[in-house]
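Submitted below is the structure of interest, expressed as structure tokens.
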Amino acid sequence: MDKKDTFVLHAKYLTQVEKLDIGQRGMLFTAILSFASGKEIPQMDPVTEMLYCVIEEQLKEDFEKYQKTCEARKNAGKRGGIAKNEKQNVAKLANASKAKQSLANLHDSDSECDNDINKKTMCKADADALFEKLWKLYPNKRGKGQVSDADKRHLLDIGFDEMNRVIERYKADLALEDWRKPQNGSTFFHKGYIDYLDSNYTPPEPKKAKKANTTKFNNFTQRDYDYDELERQLLNSNPAH
């Protein structure tokens, strides 16, 4: 944008500005003045830069309207010959129409800005809350601080119900194989759960029962003996001399 000594700063952005700390507000105001003066825009943190981009688009739109107004006045002065009252009426109609459209555009822009900021804030809060619930369910609570915000957002996309099933499936698999140890939580909640999602999971096959031992040493019909009767017969028998 060409250098311009003055510009209009809309009060409708006050709600978003109040969410910034003092340092961020100062950086935002410096960036606006730099833009209006045609100087290089300073570096900003992501939140401040998001709000600045919205305000910058408004400044560009206002500047384009200002240039069109100046050009129209210049051309009107050159043409002349138009009745004064007629010119005023046309200008009033045009300005009223432009003002109405500008208000609508500003409202839409403001709503989009609010939605973007609120959506990011709400998504992070929801992702953090879901992760805390899932972390309590997981058996190996190691590496919690290593789980990134991106991983938490992926968990939010999957949802609590399916992730709860995922953890239960994983614990059931561990129970079938005593030698396996659960992964660290940071590993599992990164990509370790993928095979246990509804779309990927295959239940393990049940283990076959062992066959009974039928060797030649016990593959016969057991006999029943009356040991008391055998003992009596032996005691009453006369041994041969």
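The values are calculated or read from the model by the stated rules, or taken from the named source; none is laboratory data. The structure presented is a predicted model; accordingly, all values stated were derived computationally and were not measured. Here Cβ is always computed from backbone atoms with ideal geometry, including for glycine, and neighbour counts include all displayed protein chains. The area values use the complete protein model at the heavy-atom level, side chains included, leaving out ligands, DNA and RNA. Shrake-Rupley method; radii C 1.70, N 1.55, O 1.52, S 1.80 Å.
Quick check on this structure: which one of I82, I32, I55 is among the aliphatic types (A, V, I, L, M), within 27 Å of Q101 (Cβ to Cβ) and either at pLDDT below 85 or in contact with a Ser or Thr (Cβ under 9 Å, 6 or more places away or on another chain) (or both)?
Answer to the check: I82.
Taking Q43, is it assigned to a loop (DSSP other than H, G, I, E, B), surrounded by fewer than 15 Cβ atoms within 10 Å (Cβ to Cβ) and either at positive phi or without any contact (Cβ under 8 Å) to a residue 40 or more places away in the chain (or both)?
Criteria met by Q43.
Please go through segment 1-40 and pick out each residue that is out of contact with any helix residue (DSSP H, G or I) (no Cβ under 8 Å at 6 or more places or on another chain) and open to solvent by less than 80 Å² (accessible area, probe 1.4 Å).
The answer is G23, G26, T30, L33, S34, S37, G38.
What residue, among those in segment 161-208 that are in a helix (DSSP H, G or I) and basic (K, R), is surrounded by the fewest Cβ atoms within 10 Å (Cβ to Cβ)?
Of all residues in segment 161-208, those in a helix (DSSP H, G or I) come to 161-176, 185-192, 194-196.
Of the ones still in play, those that are also basic (K, R) are 165, 169, 171, 191.
Working: R165: 14, R169: 18, K171: 14, K191: 10.
Top of the filtered list is K191.
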